[in-house]
Amino acid sequence: MPCDLHVHTSASDGTENPAEVVEKAGKAGLTALAVTDHDTIRGVAPALEAGREIGITVLPGVELAAEEEDGEVHLLGYLFDPHHPLLREELARLEKARLARVERMVEKIRALGIPLALERVLALAGEGTVGRPHVARALVEIGAVGSVAEAFARYLERHGPAYVPRLKMAPEEAVLLIRRAGGVAVLAHPGLSRCEELIPRLVSAGLQGLEVYHPEHTPQMVEHYRGLCRRYGLLATGGSDYHGAGHRRYSRLGEVTAPDEVVEKMLALAGRTA
Ligand code: AMP
Ligand code: FE
Ligand code: FE
Ligand code: ZN
């Protein structure tokens, strides 16, 4: 039975709230789903509750963005203790830094002569963690660009005129944080980050899995990462990276899944039973 272990909600840059996403997962015939919002676990409690009502397994998750010399690497954490003090403290710090970063990006955009309102960007983020996608949507709204993709290409991509670097967190630190909070640490979409040399380093830091199955991974990549999982004794996980039905790329919940047994293995690694 299929499980989708990479899903965003309105708690970050997904467009549907956690209960809606869980309901969709039930209708799509998924047996388990992990909510993995960017730098926040606000969506976890409502998703767990919806899961209990609907009768599908919901795993607590998070997708942490870490910085590497020449790019960004994402780490997925699963089955951590959502009340762990260190985790909560770090997430609060990341959330604050996200807000400050968006404020600076909006200033840069305004300095370019575009009358973008910070209030509107924050309103689009709503309860969720704010980020570049919300800046992009606000730019579309005021007609400064024709699409979110154009907003990124013209202003928001790394080295773009409105780009501001994020709070630096090393990938190893992200792995340690997840492990300390009792979670399972998985490297997200390695095919997107091109961070091969990082894998042995992260394994030493406590990495337990690779996201082998992802919409952007070619069959060759899947084969390659399956091989690395065997070599390093890592779990092969996967998911759709769903961001909502209207998203340009990640709009199909369950488009990519992982087998049920992965969830059982994760539960065993986290020292829990379903
Ligand atoms: P942030 O976390 O604020 O740096 O925003 C990163 C998020 O923006 C990613 O997780 C994607 O969802 C989205 N994103 C990144 N690049 C693009 C792009 N070129 N077009 C549309 N969305 C993008
Ligand atoms: Fe995203
Ligand atoms: Fe990601
Ligand atoms: Zn994601």
Please work out if Glu150 is closer than 16 Å to Val73 by Cβ and either more than 16 Å from ligand 2 (Cβ to nearest atom) or within 16 Å of the chain's Cα centre (by Cα) (or both).
no
Val145 versus (1) without any contact (Cβ under 8 Å) to a residue 24 or more places away in the chain; (2) buried (at least 16 other Cβ atoms within 10 Å of the Cβ); (3) under 22 Å from the mean Cα position of the chain (by Cα): which is the lone unmet condition?
(3)
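From the list Arg179, Arg137, which residue is in a helix (DSSP H, G or I), free of Cβ contacts under 8 Å to residues at least 40 places away in the same chain, more than 16 Å from ligand 3 (Cβ to nearest atom) and assigned by TED's automatic domain parsing to the domain that holds Glu16? Spell out how you get there, then give the answer.
Details: Arg137 fails: assigned by TED's automatic domain parsing to the domain that holds Glu16.
Selected residue: Arg179, the only one of Arg179, Arg137 that is in a helix (DSSP H, G or I), free of Cβ contacts under 8 Å to residues at least 40 places away in the same chain, more than 16 Å from ligand 3 (Cβ to nearest atom) and assigned by TED's automatic domain parsing to the domain that holds Glu16.
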Glu95 modelled with pLDDT under 95, more than 16 Å from ligand 4 (Cβ to nearest atom) and in contact with a Pro (Cβ under 8 Å, 6 or more places away or on another chain)
no
Hits in the range 195-237 (condition: among the aliphatic types (A, V, I, L, M) and touching a Gly at 6+ places or on another chain (Cβ under 9 Å)):
Val203, Val212, Met221, Val222, Leu234, Leu235, Ala236
Arg248 being within 16 Å of ligand 2 (Cβ to nearest atom), in contact (Cβ under 8 Å) with a residue 24 or more places away in the chain and over 15 Å from the mean Cα position of the chain (by Cα):
yes
Considering residues of the range 222-274 that are modelled with pLDDT of 95 or more and of a type in the set (Ser, Thr, Tyr) only, the residue farthest from ligand 4 (Cβ to nearest atom)
Tyr232
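The values are calculated or read from the model by the stated rules, or taken from the named source; none is laboratory data. Since this is a predicted model, take the numbers as computed values, not measurements. Using ideal geometry, Cβ is built from the backbone for each residue, glycine included, and neighbour counts are taken over all protein chains shown.
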